[in-house]
1. Hey, rough spin-label estimate for Leu175 and Thr63, points 7 angstrom out along Cα→Cβ, what's it come to in nanometres?
2. I'd like the distance between the alpha-carbon centres of segment 162-214 and segment 67-91, rounded to an integer number of Å.
3. Helix-only estimate, please: 222 nm mean residue ellipticity of the chain, summing -39500 (n - 2.57) across DSSP H runs of length 4 or more and dividing by its residues, to the nearest 500.
4. Going by how many other Cβ atoms sit within 10 Å of their own, how do Lys132, Lys120, Lys76 line up, fewest first?
5. For Val202 and His137, calculate 0.36 nm times their separation in residues minus their Cα-Cα distance, and state this gained length in nm to one decimal.
6. For segment 124-140 and segment 1-25, compute the distance between their C-alpha centroids and round to whole Å.
7. By the scheme Lys and Arg +1, Asp and Glu -1, what is the net charge of all other residues having a beta-carbon under 13 Å from that of Ala160?
8. Would you list, by chain and number, the aspartates and glutamates whose Cα falls below 16 Å from the Cα of Lys76, excluding same-chain residues fewer than 8 positions away?
Amino acid sequence: MAETVRTIERIGARASGHVVDVRDHEAVQALMQRVYDEHGSLDILIALAGGSLGTPRDLDDITPEDLDLVVDVNVKGTFHCCRSVLPFMYRARRGAIVTTSSIGGRQPSPVTGVPYAASKAAIVGMTKKLAKEAGSHGVRVNSVAPGLFLTGRLQGMFDAMEESERRDVLDSIPLGRVPEIREAVDPVLFLAGDESSYITGVVLDINGGRFMPL
Ligand SMILES: NC(=O)c1ccc[n+]([C@@H]2O[C@H](COP(=O)([O-])OP(=O)(O)OC[C@H]3O[C@@H](n4cnc5c(N)ncnc54)[C@H](O)[C@@H]3O)[C@@H](O)[C@H]2O)c1
């Protein structure tokens, strides 16, 4: 986090870094107030925290605690973050929120389990309902649904799969390659920035064509 702050400062922008457990709504609320006090506005929220969080993929192995963890972080955590920034954005009559769904919430994925699928599908519903409510306040709410990006977390899960499963996943990507991380970052920046000023309530699939809804 300190390195990220330094990188931002090196390009001449102001930055501060803080740690918060997104499951703790009071802590999230206090953090948003602190960031507002430090910087004078809250214009963009990128709600990224989440994942399978080390929970198993196979149904027989999933415990109630696994389900609670994934729902608490992915669904409730995203809600707490959105809920806490909206009053600041409403007051300014502008703002952009980008939530993080997943290809695993858009169609059954061989990489992730049922709790993850349920939580990332919930993000889609949450995003659309928030977009509907926030629109008249000048605030846009959109989501990204990345496919397979081999971050540290995903590399481990991908490596743990059978060779045939790995091949099936790769064969199902029309662009025929695994993406660079930057290829998820640019779409998030697009949805967060003024280039998408008339776009709200969408889910932007970033998956090389692996899932193509009509
Ligand atoms: N990597 C992929 O292929 C992929 C695909 C689809 C969706 N996603 C989504 O993108 C997001 C980032 O995934 P990633 O692959 O970079 O994983 P990652 O594990 O590298 O990043 C997840 C981050 O969430 C943070 N986090 C976990 N629990 C938290 C909590 N309770 N409070 C605050 N922060 C918490 C972790 O500290 C970590 O920094 C996740 O929401 C994930 O579901 C990733």
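1. The answer from the label model is 3.8 nm.
2. 23 Å
3. Only helices count here, giving -14000 deg cm²/dmol.
4. Lys132, Lys76, Lys120
5. Here the answer is 21.7 nm.
6. So the separation of the two Cα centres works out to 26 Å.
7. Once positives and negatives cancel, what remains is -3.
8. List returned: Asp21, Asp24, Glu26, Glu65, Asp66, Asp68.
Read-outs: derived from the displayed coordinates by stated rules, not from any lab. As the structure is a computational prediction, the values presented were derived from the model and not from experiment. Cβ atoms come from the backbone with ideal geometry, glycine included; neighbour counts cover every protein chain shown.
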